[in-house]
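Each value in this text was obtained by applying a stated rule to the coordinates, not by laboratory testing. Here the structure is a predicted model, which is why all the values come from computation and not from measurement. All Cβ positions, glycine included, derive from the backbone under ideal geometry; neighbour counts span all protein chains shown.
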Amino acid sequence: MLEHEFQCPYCWESITMLLDTSISKQTYIEDCEICCNPIEITPVFVDNDLQYFEAINIEQ
């Protein structure tokens, strides 16, 4: 697991999330712990290193 900090695409607050490094590419929905809006999370790992991370507003 990897702890990753990023900004919520709704409220722009910094939030921290645990990411599973054992899955190379994944996309899932997680609610912001501050404003509770749904965020689409897409991390990509290569050899357990985070290579790409995207957190987008799914209500656009």
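Hey, could you get me the Stokes-Einstein D for the chain, Kirkwood radius over alpha-carbon pairs, 25 °C and 0.890 mPa s, rounded to whole µm² s⁻¹?
Numbers: Rh = 11.7 Å.
The diffusion coefficient I find is 210 µm²/s.
Derived scalar couplings between HN and Hα for the range 36-53 equal 6, 7, x, 10, 7, 9, 9, x, 10, 10, 10, 6, 6, 9, 5, 9, 8, 8 Hz in order, rounded to whole Hz, by the Karplus curve 6.51 cos²θ - 1.76 cosθ + 1.60 (θ = phi - 60°), x for Gly and Pro.
Model label points for THR27 and CYS11, set 7 angstrom from Cα along the Cα-to-Cβ axis, are 2.6 nm apart.
In the chain, the sites counted are GluC sites (Glu not before Pro) in DSSP loop states with at most 12 other Cβ atoms within 10 Å, and the longest stretch holding none of them, exclusive of the sites, is 34-58. Near the amide H of ILE39, within less than 5 Å, lie the amide hydrogens of GLU30, ASP31, CYS32, all on another chain or at least 5 residues away, with H placed in the peptide plane. Taking amide H atoms as placed 1.01 Å from N in the peptide plane, the amide H of THR21 lies under 5 Å from those of LEU2, each 5 or more residues away in sequence or on another chain.
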